[in-house]
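One structure below.
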Amino acid sequence: MNKKHLTLLVALAFGTSLDATASGYRFGSQSVSAQGTAEANGAEAADASTIFANPAGLSRLDGRQIMGGITAVVPHSTFQDGGSTRFTGTSTGGKTSQDSYAPGVVAGPSLYYSQKIDGQWTAGVGVFVPYGTKLDYDNNWSGRYSLTNIKLESVNINPSVAFKLSEQHSFGFGIDIEYMKASLGQAVDVPGSIAAAKVAGAGAALVGQIMALGGNPAALATAGDAHAGVDGKDWGYGFNVGYLYSPDANTRFGIAYRSSIKHELKGGAVWDFSTVTSDAVVNKVLQGASHHANSASRVDVSTPETLSINAFHQFDPKWAGMADVTWTRNSRLQDINIQFVGAGVGDLVIRQQWKNTVRVALGANYQLNDTTVLRAGIAHDDAPIQGDTLRHAALPDADRLQLSFGANWKLTPASSLDLAYSWLHFNDASGNYTNNCNPTMTTCTGNGETTRGTWKTRMQLIGLAYNYKF
């Protein structure tokens with residue numbers, strides 16, 4: 001079986017509700033100082049977080065510096081059903097609206113350290129959260145056959161080094177050591193399968209099998225959903241490089257590339273039919289008929305690479321301007337194949353077929369006084385999703401606009417605080433996604449559901465970081 005690529009999950013990836021400032025699956029805020037300018041400051045190289053934005057910027061830092069920060073993501077997301085159906089064409093039923101499936105607050109930490117070695121070499125290391133999510137829809141919501149819950153945890157350890165060739169040219173290189181741990185769940189459409197069996201003339205055989213084992217076939221009329229859960233974890237490795245050109249003391253241009261990282265997420269799949277009815281025999285027969293059994297699971301993962309071009313200019317002692325354009329190669333992410341190893345069943349296939357995206361950001365700094373720098377920025381980011389029929393409940397992403405404000409407050413000559421606030425507005429995201437595999441098929445795994453509806457998302461980000469030079 002050919003390995004398929006997934007950008008982050010053991011199954012469905014993470015949703016818009018916690019996708020901070022970058023489209024797709026990336027948690028977009030790895031630096032509080034960068035957040036203050038809407039991530040437009042890739043060529044500024046003001047502190048050790050330049051390790052993430054452009055490692056060549058390390059060459060501009062003196063002595064030893066440490067930066068520890070945390071960004072709180074405060075989402076508000078809603079879903080309104082637009083006629084979701086089972087594979088049989090009937091309504092899925094359940095709750096037609098959702099307004100609390102995203103957690104109230106989620107925090108992403110970051111830590112950076114840099115040390116100047118000599119006049120040409122500077123080294124450092126960054127630890128940050130590249131991806132992360134937690135969504136928990138109601139177990140009886142109308143889209144439960146596509147997703148009920150998902151959680152992703154990740155961390156990237158990024159040792160880096162920079163070489164200053166001259167006053168105009170600097171180069172940087174880093175190694176990415178990335179850990180991922182993910183889990184997800186979805187309902188299994190047992191009622192729809194029973195109805196389909198009756199239409200196909202297999203109902204009598206099902207009743208006969210239940211009776212032969214001493215069960216009560218009348219329990220079939222009360223059957224509810226089963227539940228499936230999948231998890232996996234893995235370490236992956238990649239690299240990032242950067243270049244910084246300074247034609248004069250007030251101007252810098254940068255280019256940075258962060259590679260794709262391949263993961264082989266391995267874990268287990270659990271199929272729980274124990275609460276489908278009150279009759280254990282009926283539940284056992286229904287699980288056998290479904291061909292679902294607990295097994296190992298696997299998803300081959302490749303995160304998308306990014307290429308950023310940025311600029312910084314100090315106009316006068318008070319004002320500085322900056323810009324960033326980041327291209328993300330999401331087009332490598334086509335169908336997602338979840339493999340149930342050794343179970344003798346086909347993969348769960350999620351159609352994705354993403355497009356490449358571009359994020360554009362503009363920002364500015366204003367030196368208010370000797371101790372305070374004010375920041376602001378605006379950014380627009382495209383979603384990688386190509387249309388309503390490819391918008392899945394796990395990632396109801398949409399184009400978004402970001403407004404950011406920030407400040408750096410010098411506490412002492414050696415220490416300072418960074419503060420940042422961002423407001424994100426997402427376009428309304430309509431979905432009309434159909435799973436092409438249904439429970440009557442044996443060559444693949446799926447509920448065959450169609451999830452129709454509209455997601456609306458607004459988001460706030462609040463960041464705080466401490467910097468120390470020694």
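The values are calculated or read from the model by the stated rules, or taken from the named source; none is laboratory data. Since we're looking at a predicted model, the values are computed, not measured. So basically every Cβ, Gly included, is an ideal-geometry build from the backbone, and we count neighbours across all protein chains shown. SASA here: full protein model, heavy atoms, side chains in, ligands and nucleic acids out. Shrake-Rupley method; radii C 1.70, N 1.55, O 1.52, S 1.80 Å.
Relative contact order, percent, of the chain when contacts are C-alpha pairs under 8 Å separated by at least 6 residues?
Relative contact order of the chain: 21 percent.
List, in order, the whole-Hz ³J(HN,Hα) value for each residue of region 254-265 obtained from phi through the Karplus relation with A = 6.51, B = -1.76, C = 1.60 and θ = phi - 60°; use x for Gly and Pro.
Result, rounded to whole Hz: x, 9, 9, 10, 10, 6, 5, 10, 8, 10, 10, 6.
Just one of (1) 43, 26, 22; (2) 38, 27, 19; (3) 49, 21, 17 is semi-axes √(5λ) of the Cα gyration tensor in Å calculated from these coordinates, so which is it?
Here the calculated entry is (3).
So how tilted is helix 190-199 from the main axis of the chain? Cα-based, degrees 0 to 90, rounded to 10.
Value to nearest ten degrees: 40.
Give me the net charge of SER308's neighbourhood, meaning all other residues with Cβ under 10 Å from the Cβ of SER308; Lys, Arg count +1, Asp, Glu -1.
Values: positive: ARG258, ARG359; negative: GLU39, ASP324.
Its environment carries a net charge of 0.
Taking only Cα atoms of region 19-155, what ratio of Rg to Rh do you get with Rh as the Kirkwood inverse-distance radius?
1.18
From the phi angles alone, apply the Karplus equation (6.51, -1.76, 1.60; θ = phi - 60°) to region 100-111 and give each ³J(HN,Hα) in whole Hz, x where the residue is Gly or Pro.
So the Karplus estimates, Gly and Pro as x, are 9, 7, 9, x, x, 8, 10, 10, x, x, 8, 8 Hz.
Could you tally the net charge around PRO413, taking each other residue with its Cβ under 11 Å from the Cβ of PRO413, Lys/Arg +1 and Asp/Glu -1?
+1
When each pair of different Cα atoms in region 233-320 is counted once in the 1/r mean, what is the Kirkwood radius in angstroms, to one decimal?
Across region 233-320, the inverse of the average 1/r is 18.4 Å.
Taking N as the number of residues in region 256-306, what value does Rg over Cα atoms divided by 2.2 N^0.38 Å take?
Region 256-306 yields a ratio of 1.90.
Work from the charge dipole of the chain (Cβ charges, +1 for Lys and Arg, -1 for Asp and Glu, about the Cα centre) and give the residue of THR50, PRO159, GLY63 farthest towards its positive end.
The Cα lying farthest towards the positive end belongs to PRO159.
Of PHE315, GLY346, ALA123, which is farthest along the charge dipole of the chain in the positive direction, counting Lys and Arg as +1 and Asp and Glu as -1 at C-beta?
GLY346
Taking the Cα centre of the chain as the origin and placing charges on Cβ (Lys, Arg +1; Asp, Glu -1), which of GLY406, THR88, ALA197 is farthest toward the positive end of the dipole?
ALA197
Would you rank LYS233, LYS95, LYS262 by solvent-accessible area, highest first, keeping every protein chain in place and using a 1.4 Å probe?
Most to least solvent-accessible, the answer reads LYS262, LYS233, LYS95.
Size of the dipole of region 373-470 about the Cα centre, Lys and Arg at +1 and Asp and Glu at -1 on the beta carbon, nothing else charged, in debye to 20?
420 debye
Using the Cα centre of region 126-228 as the reference point, and only Cβ charges (+1 on K/R, -1 on D/E), how large is the resulting charge dipole? Debye, rounded to the nearest 20.
200 debye
Could you pull the Cα extents of region 347-470 along its three principal axes, largest to smallest, in whole Å?
Reported extents, whole Å, longest axis first: 70, 28, 22.
Which net charge results for the neighbourhood of SER193, defined as the other residues with beta-carbon distances under 11 angstrom from its beta-carbon, given Lys and Arg at +1 and Asp and Glu at -1?
That sum, taken over residues with Cβ under 11 Å, equals 0.
In whole angstrom, note down how far apart the Cα centers of region 406-440 and region 325-379 are.
10 Å
Can you compute log10 of I(q)/I(0) for region 162-302 with the Debye formula, treating each Cα as one identical point scatterer, at q = 0.09, 0.12, 0.21 Å⁻¹?
-0.52, -0.66, -1.13
Between region 66-112 and region 217-264, what is the C-alpha centre distance in whole Å?
Cα centroid of region 66-112 versus Cα centroid of region 217-264: 18 Å apart.
Cross-link candidates for LYS164: which aspartates and glutamates have Cα within less than 20 Å, leaving aside residues fewer than 8 places away along the same chain?
Filter leaves GLU44, ASP47, ASP62, ASP118, ASP248.
Which value, in debye to the nearest 20, describes the size of the charge dipole of the chain about its Cα centre when Lys and Arg Cβ atoms bear +1, Asp and Glu Cβ atoms bear -1, and nothing else is charged?
300 debye
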